[in-house]
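In what follows, a structure is listed as structure tokens, so that the remarks can point back to it.
The values are calculated or read from the model by the stated rules, or taken from the named source; none is laboratory data. None of the values given here were measured: they were computed from a predicted structure. Reconstructed Cβ throughout: ideal geometry from the backbone, glycine too, with neighbour counts over all protein chains shown. Heads up: the accessible areas ignore ligands, DNA and RNA and are worked out on the full protein's heavy atoms, side chains in. Shrake-Rupley method; radii C 1.70, N 1.55, O 1.52, S 1.80 Å.
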Amino acid sequence: MKKGQVYEGMIQKVEFPNKGIVQVDGEEKPVIVKNGIPGQKIRFCVNKLRKGKAEGRLLEVMEKSALETREPVCSIFPACGGCMYQTMDYQAQVKMKAEQIQSIMDAAVDGYSYTFEGVKESPKEFAYRNKMEFSFGDEYKDGPLSLGLHKKGSTYDVLTASDCKLVHEDMTQILSCVLDYFKERGVSYYKKMQHIGYLRHLLLRRGDTTGEILVNLVTTTQEEHDLAPLVEKLLALPVEGKIVGILHILNDSLSDVVQSDETKILYGQDYFYEKIMGLEFKITPFSFFQPNSRGAEVLYSTVREYIGDIHDMTVYDLFSGTGTIAQVLAPVAKQVIGVEIIEEAVEAAKENAERNGLHNCRFIAGDVFKVLDEIEEKPDVIVLDPPRDGIHPKALPKILDYGVENIVYISCKATSLARDLEMIQARGYRVVKCTAVDQFCQTVHVETVCLLKKKASV
């Protein structure tokens, strides 16, 4: 097998998160090709060869998979990098994800039996996302202005997502309105290589339960445009929900990241409300919040079930974000202490806890590794919800030193969980049961929840 050569083969299976395993006739070892579906016959180009392992780039799907039992529901599939599996029946997606997670867990669990409870479905298969970041650009070099999602495998080409089915119709109405407004005026978009241009992103957030919408236009300061007519057009849209805020976020960062150097309120307020499990949360443009509100209720209910009876216990919620898990657990716990490195998230957590009348929650801003030394109360139970890359190897031993009987680990990247399990098991814990929650239908992602117990108590 040679780099740059084009081959054909069948995708035997897809490993987490989206690694298609392709067997080529006459070749001993399989090739990894991303972005496919099991059973597809594909044509691909080998682009990496190292240590006897080959990786390829998908060029063409020559034959559909038997799993592709339905037609695409949006106009830019499969070119768009947002969805991957929308031609598969939802139950087939869930089954595939279950097999992926169980395979990872089986390999990570060290020589004992545990219970794998499969994947819990999202209550909504479509229109589930409460947050979407759309990019301005063009679909091809020097093409007309586009606003949407990046083409699969491309850093530059942007496809207009005018009928994206992951979001509520309100969001697509707003996207189309904003795109038409700037198209008519010939306004430039920010070019990442030359660092010139005005339009960067459209960040939309919509409460699934409240219908409240926050519109965030992100631009550079390189040009000035009158945005008052845009505000009028947006407020005149026949949306099902209600636009509660329109913000102009100024961002002159050289990197392609959505952030604020300065935020101007063009209309209304700079936050919206969402409700989960009977609690109300105030969410700002950059607050971390689970992007599938209904799926988050399934996730948090699972965490509460796994954690068991905690009515007289102190719970540590580490990597607590805006404190949603802490507040879901607080009504059934003695007290919950949340630790989160992002100060804005901690302030939001404190405010939300106050709003929800929860006085047994405490939130601390800082690095978990450092903050644990400063907390006087010792935990009875620990909940871990770390970033995608898992827990820092310096922080994990300190967490395990508490020797609590139960730990619940929530992971948005099962391979990071598997890596951390090596140390966790070496320190005397066993996986008792594990499940996953599909918060990201049509995509490769899934949340994994794992209950770990000290060996002596298993």
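For residue 379, the criteria (1) at pLDDT 95 or above; (2) under 20 Å from residue 315 (Cβ atoms); (3) open to solvent by 10 Å² or more (accessible area, probe 1.4 Å); (4) outside any loop (DSSP other than H, G, I, E, B) hold in every case but one, which is (4).
The sole residue among 338, 295, 321 that is touching an Asp or Glu at 6+ places or on another chain (Cβ under 9 Å), part of a strand (DSSP E or B), buried (at least 18 other Cβ atoms within 10 Å of the Cβ) and not hydrophobic (A, V, I, L, M, F, W, C) is 338. Taking into account only those residues within the stretch 3-28 that are touching an Asp or Glu at 6+ places or on another chain (Cβ under 8 Å) and of a type in the set (A, V, I, L, M), which is nearest to residue 443 (Cα to Cα)? Of everything passing the filter in the stretch 3-28, 21 is nearest to residue 443 (Cα to Cα).
Quick check: anything in the stretch 149-169 charged (D, E, K, R) and farther than 20 Å from residue 77 by Cα? Checked against the condition, which is being charged (D, E, K, R) and farther than 20 Å from residue 77 by Cα, the stretch 149-169 yields no hits at all. All conditions but one from (1) in contact (Cβ under 8 Å) with a residue 40 or more places away in the chain; (2) among the β-branched types (Val, Ile, Thr); (3) more than 28 Å from residue 388 (Cβ to Cβ) apply to residue 11; the one that does not is (3).
Only one entry in 421, 358 is hydrophobic (A, V, I, L, M, F, W, C), out of contact with any His (no Cβ under 7 Å at 6 or more places or on another chain) and open to solvent by 10 Å² or more (accessible area, probe 1.4 Å), namely 358.
For the stretch 246-274: of the residues being part of a strand (DSSP E or B) and either of a type in the set (Lys, Arg) or in contact with a Pro (Cβ under 9 Å, 6 or more places away or on another chain) (or both), which is most open to solvent (accessible area, probe 1.4 Å)?
Keep residues of the stretch 246-274 that are part of a strand (DSSP E or B), which gives 246-250, 262-268, 272-274.
In the following step, the residues that additionally are either of a type in the set (Lys, Arg) or in contact with a Pro (Cβ under 9 Å, 6 or more places away or on another chain) (or both) were identified as 247, 249, 263-264.
Numbers: 247: 1, 249: 0, 263: 62, 264: 91 Å².
In this case the residue turns out to be 264.
I'd like to check something: does the stretch 100-107 contain any residue that is among the small types (Gly, Ala, Ser) and open to solvent by less than 50 Å² (accessible area, probe 1.4 Å)?
Keep residues of the stretch 100-107 that are among the small types (Gly, Ala, Ser), which gives 103, 107.
Checking the rest, the ones that are also open to solvent by less than 50 Å² (accessible area, probe 1.4 Å) come to none.
Within the stretch 100-107 (the criterion being among the small types (Gly, Ala, Ser) and open to solvent by less than 50 Å² (accessible area, probe 1.4 Å)), the answer is no, since none of the residues qualifies.
When the stretch 180-202 is limited to residues that are open to solvent by 10 Å² or more (accessible area, probe 1.4 Å) and assigned to a helix (DSSP H, G or I), the one that is farthest from residue 126 (Cα to Cα) turns out to be 185. Taking the stretch 361-374 as the range and being closer than 12 Å to residue 399 by Cβ and open to solvent by less than 30 Å² (accessible area, probe 1.4 Å) as the test, the residues that pass are 368, 371, 372. Picking from residues in the stretch 166-179 that are out of contact with any helix residue (DSSP H, G or I) (no Cβ under 9 Å at 6 or more places or on another chain) and crowded, with 18+ Cβ neighbours inside 10 Å, the one that is nearest to residue 192 (Cα to Cα) is 179. The single residue among 435, 415 that is open to solvent by 20 Å² or more (accessible area, probe 1.4 Å) and modelled with pLDDT of 95 or more turns out to be 415. Only a single item in (1) closer than 21 Å to residue 451 by Cα; (2) crowded, with 18+ Cβ neighbours inside 10 Å is not met by residue 92, and it is number (1).
Residues in the stretch 299-318 that are touching a helix residue (DSSP H, G or I) at 6+ places or on another chain (Cβ under 7 Å), assigned to a strand (DSSP E or B) and of a type in the set (A, V, I, L, M): 310, 315, 318. The residues of the stretch 203-216 that are open to solvent by 10 Å² or more (accessible area, probe 1.4 Å), in a strand (DSSP E or B) and more than 10 Å from residue 131 (Cβ to Cβ) amount to a single one, 212.
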